[in-house]
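The values are calculated or read from the model by the stated rules, or taken from the named source; none is laboratory data. The structure presented is a predicted model; accordingly, all values stated were derived computationally and were not measured. Methodologically, a virtual Cβ is constructed for each residue, glycine included, from the backbone with ideal geometry; neighbour enumeration extends over all protein chains shown.
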Amino acid sequence: MVAGDECAEKLPLTPGQIQRRHIQVALYALQPSYCLYEPETSEEEVSLQSMQGKPAADDTASSQPGRLFKYRRWLGHWKPEYDYIRTETELALHAIYSEDISERIGNEPVVQALKELMKYEMAMLVSDDNDDKASVRTEAGSRSTHDNSLVYSRAAAMVRACQFKIDDTLQPEEIPFCGEATANKIKDIARSGTTSVLEAHRANEVVCDSSGKPRADTGGGATRRLFMQLPGVGAKTAKIWYDLGYRTYEDLDGAIDEGDVRSEGGRLPISYEQAFSLQHRADLLEALPASDLTDMQAAVTEALQHVTGDGEWEMIVVGGGRRSLPSHDGDFVITHPTRTTEGVVRLLVQRLVDQKRLVPAKQAMCRISEGRMPAHLDHMREHVVHGTTMNNNNIAVDRFDKVFGMFMTKSGKVRRMDLIITPHEEYPFCLLGWTGSKQYLRFLRQHAGNCNMLMRREGQQSCVVPQEGAPYDRNGKVWWPPGWGEGRVVMDEGDIMELLGVPRREPHERNCP
């Protein structure tokens, strides 16, 4: 069946669920739709320092009670207990990130300009140690310490949450995470609708830093961003195409028409997956109608029932669609209340291919990941035994079974579709992570790190492993929310937020850009 609500119905717990304990938080920072699948620098990676429970540099200033009271106008309210919040990150989790509210206040045009800057900056993130080998999602590579995409993402989130109308009199201390350079850009946008950096990116010009010096490899922002909208094309390939002189999709079409450019000696480096995306860009880049989501759900549900003989599968839309935003693809989390999910993903893919609802590999993107969760949990437990922390180099990659592919609708349209299959005991955590938004999940991860908890996609870890420890508060002490204790398990996303000591937020209230 298709789930209408993530975990509203309190299903009976299996012995395995009861044994697992409850201190888990699956925090996935999803990749943006314009660079989903190329293994280049991941936009969502957070620093190793913050993931190991050490405060980030911009979280250390507010170490005394009451230091954040200056943000009361930004938040729109204040409670006495907020005086004891020490970091801007934790305060940010008490805000509401609603596009509708931001629009009513009049701040959404500023948000959209900052989002545009973020996307241009993401197109600049090319790492020499990443290549174009196949991957299901962008893996965490090395990233510059001056990653402006994260600066603009956080700034856009703060503006969206702001409860007063921003104008050109804004001071840096009025909103969190806002330094003088960022405040000046926000004021420029509030006054004129744009800023010099944004105009430079739009014109494919080289961008200068705050001191006026040209930034290396920043030319071609508009074109590189355009290319990255194609599934399978990341920052590295976009830059290669730009450096070869291509400026439009039609330029790429022409290069392919000149011959089989994918053969040895061809000028345009392009994979079969990228060529498929280019050919079907009209379908892939248009907004996904509700009828196509319904078509996807029906086809996948039928396939699951066919290959397992069981009709009790649950399937729910995640991603921006669940947060009431328009989307270009269908993202779904799939689970079953009683049976194992092991081995299902390949049977499901084969059925969908046989039914001509999923384009097979070698023709288009059709990537499968499976069987990684058990080994990963054993690996975490090993670190607990030895009292060591885990390597976070691949923090961007979760261990759930999944498939990323191209779905054929009944009307003949090609749509991108991502399926994530999770054991039922992981369902709330998977749902939270794959619903997003990316920046909201960054705040959750950072807050956990500031509380000396390490958080990964499959769970929140006190020390390392979530099932085997209690949560900590902002002072690093064991802390249980009211009504919690050993024996109670997480049943929904709100439970996860409670365990982190932050307010419950509905999906549409987590729309950090």
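So how many residues does the stretch 103-149 have that are more than 18 Å from G220 (Cβ to Cβ) and at pLDDT 95 or above?
13
Inside the stretch 87-130, counting only helices (runs of 4 or more DSSP H) that do not spill past its ends, which hold 2 or more residues that are more than 30 Å from I496 (Cα to Cα) and of a type in the set (D, E, K, R)?
Counting at least 2 such residues, we get 108-123.
Within the stretch 402-411, can one find any residue that is more than 26 Å from N511 (Cα to Cα), hydroxyl-bearing (S, T, Y) and at pLDDT 90 or above?
Checked against the condition, which is being more than 26 Å from N511 (Cα to Cα), hydroxyl-bearing (S, T, Y) and at pLDDT 90 or above, the stretch 402-411 yields at least one hit.
Filter the stretch 480-495 down to the residues that are part of a loop (DSSP other than H, G, I, E, B) and in contact with a Cys (Cβ under 8 Å, 6 or more places away or on another chain) and list them by number.
Residues satisfying the conditions are M491, D492.
If the requirement is being under 17 Å from S149 (Cα atoms), of a type outside the set (A, V, I, L, M, F, W, C) and in contact (Cβ under 8 Å) with a residue 60 or more places away in the chain, which of these qualifies: G193, G221, G179?
G221
Checking the conditions here, which among G212, G232, G221 is of a type outside the set (D, E, K, R), crowded, with 23+ Cβ neighbours inside 10 Å and farther than 19 Å from K115 by Cα?
Result: G232 is the single residue among G212, G232, G221 that is of a type outside the set (D, E, K, R), crowded, with 23+ Cβ neighbours inside 10 Å and farther than 19 Å from K115 by Cα.
Across the stretch 73-82, which residue is nearest to F443 (Cα to Cα) among those that are in contact with a helix residue (DSSP H, G or I) (Cβ under 8 Å, 6 or more places away or on another chain) and without any contact (Cβ under 8 Å) to a residue 40 or more places away in the chain?
Result: Y82.
Any chance you could count how many residues in the stretch 83-96 are out of contact with any helix residue (DSSP H, G or I) (no Cβ under 6 Å at 6 or more places or on another chain) and more than 17 Å from C162 (Cα to Cα)?
Number satisfying all stated conditions: 3.
Among the residues of the stretch 474-500, how many are more than 19 Å from Y427 (Cα to Cα) and either among the hydrophobic types (A, V, I, L, M, F, W, C) or surrounded by 19 or more Cβ atoms within 10 Å (Cβ to Cβ) (or both)?
4
Here are D354, D329, D295, D310: which of them is within 29 Å of R510 (Cα to Cα), out of contact with any Gly (no Cβ under 7 Å at 6 or more places or on another chain), among the acidic types (D, E) and surrounded by fewer than 22 Cβ atoms within 10 Å (Cβ to Cβ)?
D295
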